[in-house]
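Only the coordinates and a few stated rules stand behind these numbers; no lab work does. What you see is a predicted model, and the numbers here were worked out from it, not measured in a lab. A quick note on method: Cβ atoms are made from the backbone with ideal geometry, for glycine too, and the neighbour counts reach across all protein chains shown.
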Amino acid sequence: NLKKQWQWNHNPKNDLWSVTERKNALRLHLGKVCDELTKGYNTLTQRTTETVSEAEITVDASNINDGDYCGISAFIGGYGAIAVTKEDDKYALVMMKKNISRDSSELVMADKVYIDNPIVTLKCVTS
């Protein structure tokens, strides 16, 4: 089972996640392609309770398809995220943000760096 600090952003699709499929790992499967992080299936969250919060994860993106993302994010309305994606069989680490205002809601790709290893450790710090 997942530890108590984790909660699902939506009602989970139980056939798309497992803590037993791979030893010592949470495995998430893509349920649908979506154009918005907050609309994806099985997005796990931790409620931040302090002025500064941080989380660190290791992702193994070796089995993702071109156009898929796996990573970590902080969100409340808008969001910032860092993730591994795959384009033309090449892996890239991307940073993106979505600011929400009365006038716009645009997703911005802030940076992209191509990487050789699809297994990376990512850290998110909020303040």
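Values for this structure:
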item	result
Cβ-defined net charge surrounding residue 127, 10 Å radius [Lys, Arg +1; Asp, Glu -1]	-2
Out-of-range pairs (alpha-carbon distance over 25 Å; input 4/98; 3/97; 4/123)	4/98; 3/97
Residue 95 paired with residue 11, simple spin-label distance in nm, labels 7 Å along Cα-to-beta-carbon	3.8 nm
Whether the range 1-51 is rounded, prolate or oblate, judged on the alpha carbon gyration tensor where a/c under 1.5 counts as rounded	oblate
Partners for residue 86 among aspartates and glutamates (Cα-Cα distance below 16 Å; same-chain residues under 8 apart left out)	35, 60, 66, 68, 111, 116
Those residues of the range 24-66 whose amide nitrogen sits under 12 Å from the label point placed on residue 107, 7 Å along Cα→Cβ	33-40
Shape call, the range 1-111: gyration tensor on alpha carbons, a/c limit 1.5	oblate
Förster radius 30 Å - calculated FRET efficiency between residue 48 and residue 23 (Cβ-Cβ, nearest 0.05)	0.55
Net charge, residue 86 excluded, C-beta distance under 10 Å - Lys, Arg +1, Asp, Glu -1	-4
Charge context of residue 32, other residues only, Cβ under 15 angstrom, K/R +1, D/E -1	-2
Rg followed by Dmax, in Å, when the range 47-127 is reduced to its Cα trace	13.7, 41
